[in-house]
There are 2 protein chains.
Amino acid sequence: MDTVKYLLPDVDLPANWYNLAADLSGPLPPVLHPGTGEPIGPEDLAPLFPMALIEQEVSTERWIPIPEEVRQILLQWRCTPLYRARRLEKALNTPAKIYYKYEGVSPSGSHKPNTAVAQAYYNREAGIKKITTETGAGQWGSSLALACQMFDLECLVYMVKVSFNQKPYRRAFMETFGATCIPSPSDTTAAGKAILEKDPDCTGSLGIAISEAVEVAAQNADTSYCLGSVLNHVLLHQTVIGQECLAQLEMAGDYPDVIVGCTGGGSNFAGIAFPFIGRKLRGERDVRVVAVEPSACPTLTKGRYAYDFGDTAHLTPLVKMHTLGSTFVPPGFHSGGLRYHGMAPMVSHVLASGLCEARSFNQLECFAAGTQFAKAEGILPAPEATHAVVGAIREAERCREEGRAETILFNLCGHGHFDMQAYMDYNAGKLRDYDYPEGEIAMALAGLPVHGNS
Amino acid sequence: MDTVKYLLPDVDLPANWYNLAADLSGPLPPVLHPGTGEPIGPEDLAPLFPMALIEQEVSTERWIPIPEEVRQILLQWRCTPLYRARRLEKALNTPAKIYYKYEGVSPSGSHKPNTAVAQAYYNREAGIKKITTETGAGQWGSSLALACQMFDLECLVYMVKVSFNQKPYRRAFMETFGATCIPSPSDTTAAGKAILEKDPDCTGSLGIAISEAVEVAAQNADTSYCLGSVLNHVLLHQTVIGQECLAQLEMAGDYPDVIVGCTGGGSNFAGIAFPFIGRKLRGERDVRVVAVEPSACPTLTKGRYAYDFGDTAHLTPLVKMHTLGSTFVPPGFHSGGLRYHGMAPMVSHVLASGLCEARSFNQLECFAAGTQFAKAEGILPAPEATHAVVGAIREAERCREEGRAETILFNLCGHGHFDMQAYMDYNAGKLRDYDYPEGEIAMALAGLPVHGNS
């Protein structure tokens, strides 16, 4: 038997999201108002989010029920399969057992719809008519476009300009689902205009696109803003991934020694890892957890754990997270979903508490691993997901060297069908690695806000 | 509940392929040698195919066991889901129940790996080292590349030149799995050279690409040729689709009144329909079956049921099928997988016997239906599959007009992730319909071979 698949019946789709905040020893550092430096309250977030999501953002309940309407939509593609990567194990000649959770079976090809559907649901329930968001590579924008269509909401996506131009197919995908895409920075917002005035050729960044989307939502009462990662409630919605893995590994009679996930904003990593970290915190079972990021945007491995803005125009509150500085613009490597200056505060807290480790890899090594995985397992990983692949392969190689039959679990968070230009460039030898952008990061970090960091 | 999904456990993956030949009232018209006009024997096909596949080609056994090694690989993505399209039904305001089988969950995104894996297996068993094939849109080439990688076979794909240039991402996908892609017509074969000599700017066709792939396989003892549709054994391998549907509809407590599939060479249509047509022929249960094709390549609706070549250079045997003439080059509409002059002889026989109907649609109507389906169900169909979608929608609309709550089943044979240029052009209003190419077809039909048709 080459590949082994573990499927769960529909009844095993989790009934609740798992909230790691319930098992942490203390509260997360407070979110601060950028003007006053004082902790913000729910009312400060109300212009952007419906109250149900704000309550989830600050909740310390361990289990939060998934609304039945959301569960029924998730069931279109969930529970997603867990695979034992027998052919990859053989190719690596490793005594390790490698399992991967495959989130690419969703209609938009990644884990993102897990939270897009939930966010669209709560906004529809709150009477919201229109949603704004940002997207980089397009995985998030596609997923929100899909979810908005399902709940009859308008969807406005600010797409980082370099991706808007490089990835017309992602844009066409979003437009087919009825969304409107605007290249960012744009002249539709004050934030965008200010940036274009200084730099008319600016190719954009996630931080800038967030500023534009937040500005539009804040100014219109019937409009909300949705984020595809970083926030507590987004991570919460992804925990169906790890909960399913727990049940699937039980079917396999296994438990991971090490869990690997890639980190941009942190949501797919949290989704697979938090339910296991919770068990560790509750003293039920130990586990090693490894977060993998690009070495050209090394938030967890080289960033500072400090208060910073989530966006470039400084419209968001201040959150304590690992950051490269909100003005840092990562070099143009091919994992648009990982090109973010910050990190989910809860993932940062987990790293700072010693509950996980972080590693970084450059892109040639990632694409080599992605290609090796595709040849062995038949599934072409998204560039973002190749970071988890290379992390898992390095663990399996360590097991070979140490002669240890450990169990490795990683999250294959999406397929690469919309990222073939990257593979084409890689196959043609046109991709290159990027130096660690030390100077740019130092300059961006010098501009960290005073509040919380003084 | 919006969408309803019917999943089968792994043990319900069919153990056998279903062979319609066992239930037909008589044998298919014989395959003829192009030189002598006499029926050919297995030995005539031996330079191209391993004997196990030739035996399947001519078998009249009803059930042919699926080798366990093939089953284990199919289980990576099979059994595929059957969905009840509740949201589409609601959008159409139809009393009909619409079910669709979704084959896009395979690693290459279509039904094609069902036969690619089987063909690669039998070739590996026969000691073959290298496989040649042709591909149009790339669904078949991708699937064979994937299967060859799994069985450690070299894979050489002649890709229709216009698609090679228009779809670099499909090519990159194949190359990532280790295949070699050559734009056809090429100077690597006598057939290709002869065509380039007459027309250096020739953009190619499936018929020409087949000629090149067949020529290379015939001249090398360690090399076989694989075809992605048309032949009996290819259709046979696709019958897992319809068999699964039978079991899944039984779970749903339903049975189709009408089955819809799109037809290029006929394999996905046969895959879903033949197990039901077999039941009809055995007097177990009646069913209407509708084959849908592009009106710009109207093989079943406007072609002649006659002996013709499968390729342009006339290297293949003569088969009796609906054909537009082997020299017919269809206009450049966006469903590359349906741009073939001929049809599977067994599908043609089914049509000629009154066991199915055929309809054709122009491409704007197809993309409109594909977009409507995507908005309702969240899955973006391949351009080929939009023909099945529009066929199913028209049946549902008829049910609405007639006030009949019929059960409609269609095959969503693949997703459109690699065909976004087509959707981009459609969204931008750049696509157009094509006139029925009456003159070109008449000219091509005038050149039909004498043998079998005299």
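The values are calculated or read from the model by the stated rules, or taken from the named source; none is laboratory data. Owing to the predicted nature of the structure, the values given are computational and were not obtained by experimental measurement. For neighbour counting, all protein chains shown are included, and Cβ atoms are generated from backbone atoms with ideal geometry for every residue, glycine included.
Annotations for the structure displayed:
- Helices (runs of 4 or more DSSP H) within the stretch B:149-206 that include 2 or more residues surrounded by 23 or more Cβ atoms within 10 Å (Cβ to Cβ) and away from every other protein chain (no Cβ under 14 Å): B:190-198
- Between B:LYS161, B:LYS129, B:LYS193, the distinction of being among the basic types (Lys, Arg), over 30 Å from B:LEU75 (Cα atoms) and touching a residue at least 40 places away in the same chain (Cβ under 8 Å) belongs to B:LYS161 only.
- Positions within the stretch A:351-360 being over 17 Å from the mean Cα position of the chain (by Cα) and either in a loop (DSSP other than H, G, I, E, B) or surrounded by 23 or more Cβ atoms within 10 Å (Cβ to Cβ) (or both), in sequence order: A:SER353, A:GLY354, A:LEU355
- Some residue of the stretch A:251-262 being in contact (Cβ under 8 Å) with a residue 40 or more places away in the chain, closer than 27 Å to A:SER211 by Cβ and surrounded by 22 or more Cβ atoms within 10 Å (Cβ to Cβ): yes
- For the stretch B:403-454, a residue qualifies if it is over 30 Å from A:MET420 (Cβ atoms) and assigned to a strand (DSSP E or B), and the qualifying residues are B:THR407, B:ILE408, B:LEU409.
- Residue list for the stretch A:1-21, filter: more than 14 Å from chain B (Cβ to nearest Cβ) and either among the hydroxyl-bearing types (Ser, Thr, Tyr) or in contact with a Phe, Trp or Tyr (Cβ under 8 Å, 6 or more places away or on another chain) (or both): A:ASN16, A:TRP17, A:TYR18, A:ASN19, A:LEU20
- Qualifying positions in the stretch A:294-350 - outside any loop (DSSP other than H, G, I, E, B) and either within 20 Å of A:GLY192 (Cβ to Cβ) or among the hydroxyl-bearing types (Ser, Thr, Tyr) (or both): A:THR299, A:THR301, A:TYR305, A:TYR307, A:PHE309, A:THR323, A:GLY336, A:SER348
- B:GLU57 vs. criteria modelled with pLDDT of 95 or more and either within 14 Å of another protein chain (Cβ to nearest Cβ) or within 21 Å of the chain's Cα centre (by Cα) (or both): yes
- Any hit, the stretch B:266-282, residues being part of a strand (DSSP E or B) and surrounded by fewer than 24 Cβ atoms within 10 Å (Cβ to Cβ): no
- Contacts under 7 angstrom Cβ, first residue in the stretch A:225-249 being under 29 Å from A:GLU212 (Cα atoms) and touching a residue at least 40 places away in the same chain (Cβ under 8 Å), partner among the charged types (D, E, K, R) and crowded, with 23+ Cβ neighbours inside 10 Å, 6 or more apart: A:GLY228/A:LYS112
- Hey, B:SER229 in a helix (DSSP H, G or I), surrounded by 22 or more Cβ atoms within 10 Å (Cβ to Cβ) and among the hydroxyl-bearing types (Ser, Thr, Tyr) or not: no
- Within the stretch A:123-140, if we keep just the residues that are touching a strand residue (DSSP E or B) at 6+ places or on another chain (Cβ under 9 Å), more than 14 Å from chain B (Cβ to nearest Cβ) and assigned to a helix (DSSP H, G or I), the residue that is surrounded by the fewest Cβ atoms within 10 Å (Cβ to Cβ) turns out to be A:ASN123.
- For the stretch A:426-446, a tally of residues being surrounded by fewer than 16 Cβ atoms within 10 Å (Cβ to Cβ) and within 12 Å of chain B (Cβ to nearest Cβ) returns 2.
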